[in-house]
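Any read-out appearing in this document is the output of simple, stated calculations on the displayed coordinates, not a laboratory observation. Computed from a predicted structure; not experimentally measured. With ideal geometry, Cβ positions are generated from the backbone for all residues, glycine too; neighbour counts draw on all protein chains shown.
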Amino acid sequence: MSRKDIDSLLKESRRFEPPAEFQSRARIGSIEEYEKLYKESIENRDSFWSNIARELHWFQPWTEVLRWNPPHAEWFVEGKTNLSYNCLDVHLESWRRNKAAIIWEGEPGDTRVLTFQMLHHEVCRFANVLKRLGIEKGDRVAIYMPLVPELAIAMLACARIGAPHSIVFGGFSAEALADRINDASAKLVITADGGYRRGKIVPLKETVDEAVTKSPCIENVVVYKRTGGSVSFHPERDHWWHELMEAVDADCPAEPLDSEHPLYILYTSGSTGKPKGVMHTTGGYMVGTYVTSKWVFDLKEEDTYWCTADIGWVTGHSYVVYGILANGATTVMYEGAPNWPEADRFWQIIEKYKVTIFYTAPTAIRAFVKWGEQWPDRHDLSSLRLLGTVGEPINPEAWMWYHSVIGGKRCPIVDTWWQTETGAIMISPLPGATSTKPGSATRPLPGVVPEIVGPDGSAVPPGKGGFLVLREPWPSMLRTIYGDDDRYRNQYWSQVKGSYFTGDGARCDEDGYYWIMGRVDDVINISGHRLGTMEVESALVSHPKVAEAAVVGKPDEIKGEVIAAFVTVESGIEVDEALSDELKAHVVKQIGGIARPDEIRFTESLPKTRSGKIMRRLLRDIAAGRETTGDTTTLEDRSILDRLRKGQ
């Protein structure tokens, strides 16, 4: 961990109270109610989590709520449950069996609706398919699919029989897929002949064929027919999904699993070349995703909820499938790009299905801003009652655009902070209770104990930047890095004694609101002042000509580092030296002279992961004139690096 504090200079004074009508119907409808819940969660942790866990189905009750041997936690010790059962079977006992569980739309426009009864039927059949292919409790299954209902069916089937799944986003290369298959020693891969993205077919089966040549642990490949295109087939290894399903029935009781039975492994890129296999277990993750879905999204029976994340990312695991279905809510899935065939596809879907809750990434919101208001203005978005953001800090101006243009100034925004490792949302407004400040994730959820600390691990004063840590264990926390417990200890628990180190810089203001300033390795050190990149980026994006910005440190002999900014402008804006000077002056006015960019590079696009996060460490290499190092398997478009190096 760096031995210096982080300076926080960005100030935001705007504040928005929960709308009275929303508040009157909210599950948690006042700040006093939140504070009572939070106090109870800290002072009576065991009874607090027991009461929530009892809202779910358990085959066998737990004997101990938490067994904590730092850095290893066991939650709901000796309890037996099944997450697939809680997402499906419990709803068959009521009218919900005929309620829509999944509303799906493919990029070409094809649609399907699966009720809880229908989804249960398909999951049980596919669980039996897995058994016939020799998959047993504890065996790992790799899933590499487009965003179709069968992806959710496959993961719920794995959960049903106790086979931990490892979902790999369908945009990864064969090499990246093989690395993840081999690290998990998966026996089976589930894929499709292809998927649709911006009108083209993504050749998933072709990628799997290449990956499997490097993965001797794979015994079988199941192929779902999505596009109908021709693919190579290996009769001894490959099986068509539909043919296997015809040979099994729908009788597959859910396996009673120990609360600590592994549920899934999800790989997240590291600064080294080796991705980390974050492992989550069953009971605590189930409780965490269930209750945060209910509280943060204020879920009601009549809601149509849409999280735009791909299921290949943790957001899709927790808040497209598991947490949402455990609440008996309707979840929308869309296969394709937000700008196909035109830039209003998301708004068209919201209007068509009368979506009430919309959860997306700041990266997507900044793209919407760049494309222009004319696209959402074409559609009736009046069904929306709640908006959410996830994946990275949202700059205040994008927040304001989202609030005004998409939410019609009537929808609360839940700006959620959490990680693949935390499993569930940690810091977020509760929409009926918390007043919001643009750019702040606001206050911790009940049971979460964050703190901002300095290099010595002691708390820093309000308003001062530092390192965000979590002081207490929580149910949905990762249990280890699969096959590498030493890396788990070193990465998350060695930085600040007795605390989980998030890797994020943050500050907490006088109202107890948390402001995430970006990854600690994205901090810039200028003449001894350490600035979070998010603050400088927010200042740049607040300029009306700027659509998106990424800021990194560039080595400097005198100052140690100077600021290099990569800027994408709004369509139709001319870029020249005058605009560069104008933007530098704007940052000085917003933050101060210390934050003035030394260099501004204009670019049509930025290097991003396939989940939309800007890969600043690659930009640091470009700014410094270095060769690119570390893991680049998550990069969406590798050609961007070449164009940036050439100054395009």
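Figures for the structure shown
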{"item": "Subset of the range 34-67 [of a type in the set (A, V, I, L, M, F, W, C) and loosely packed, with under 13 Cβ neighbours inside 10 Å]", "result": "none"}
{"item": "Checking P149 against (1) closer than 25 Å to P216 by Cβ; (2) surrounded by fewer than 24 Cβ atoms within 10 Å (Cβ to Cβ), the condition it does not meet", "result": "(1)"}
{"item": "Selected residue [farther than 23 Å from A159 by Cα, surrounded by fewer than 17 Cβ atoms within 10 Å (Cβ to Cβ) and in contact with an Asp or Glu (Cβ under 8 Å, 6 or more places away or on another chain)] from G199, G195", "result": "G199"}
{"item": "Residues located in the range 84-95, provided they are surrounded by 19 or more Cβ atoms within 10 Å (Cβ to Cβ) and under 20 Å from Y305 (Cα atoms)", "result": "S84, N86, C87, L88, H91"}
{"item": "Counted residues, the range 532-586 - those being without any contact (Cβ under 8 Å) to a residue 24 or more places away in the chain, closer than 21 Å to P393 by Cα and surrounded by fewer than 19 Cβ atoms within 10 Å (Cβ to Cβ)", "result": "0"}
{"item": "Index of the failed condition, M245 passing every other in (1) assigned to a helix (DSSP H, G or I); (2) without any contact (Cβ under 8 Å) to a residue 12 or more places away in the chain", "result": "(2)"}
{"item": "Wholly within the range 326-434, helices (runs of 4 or more DSSP H) carrying at least 3 residues that are in contact (Cβ under 8 Å) with a residue 40 or more places away in the chain", "result": "345-353, 362-371, 396-401"}
{"item": "Residue in the range 301-312 that is in contact with an Asp or Glu (Cβ under 9 Å, 6 or more places away or on another chain) and either buried (at least 20 other Cβ atoms within 10 Å of the Cβ) or on the phi > 0 side of the Ramachandran plot (or both) present", "result": "no"}
{"item": "Single condition N490 does not satisfy, out of (1) free of Cβ contacts under 8 Å to residues at least 24 places away in the same chain; (2) assigned to a loop (DSSP other than H, G, I, E, B)", "result": "(2)"}
{"item": "Residue tally, condition under 22 Å from H403 (Cα atoms) and of a type in the set (V, I, T), over the range 437-462", "result": "1"}
{"item": "Tally of residues being farther than 20 Å from E175 by Cβ and hydrophobic (A, V, I, L, M, F, W, C) across the range 189-230", "result": "3"}
{"item": "Residues of the range 578-623 that turn out to be part of a helix (DSSP H, G or I), closer than 19 Å to A539 by Cα and among the acidic types (D, E), as a count", "result": "2"}
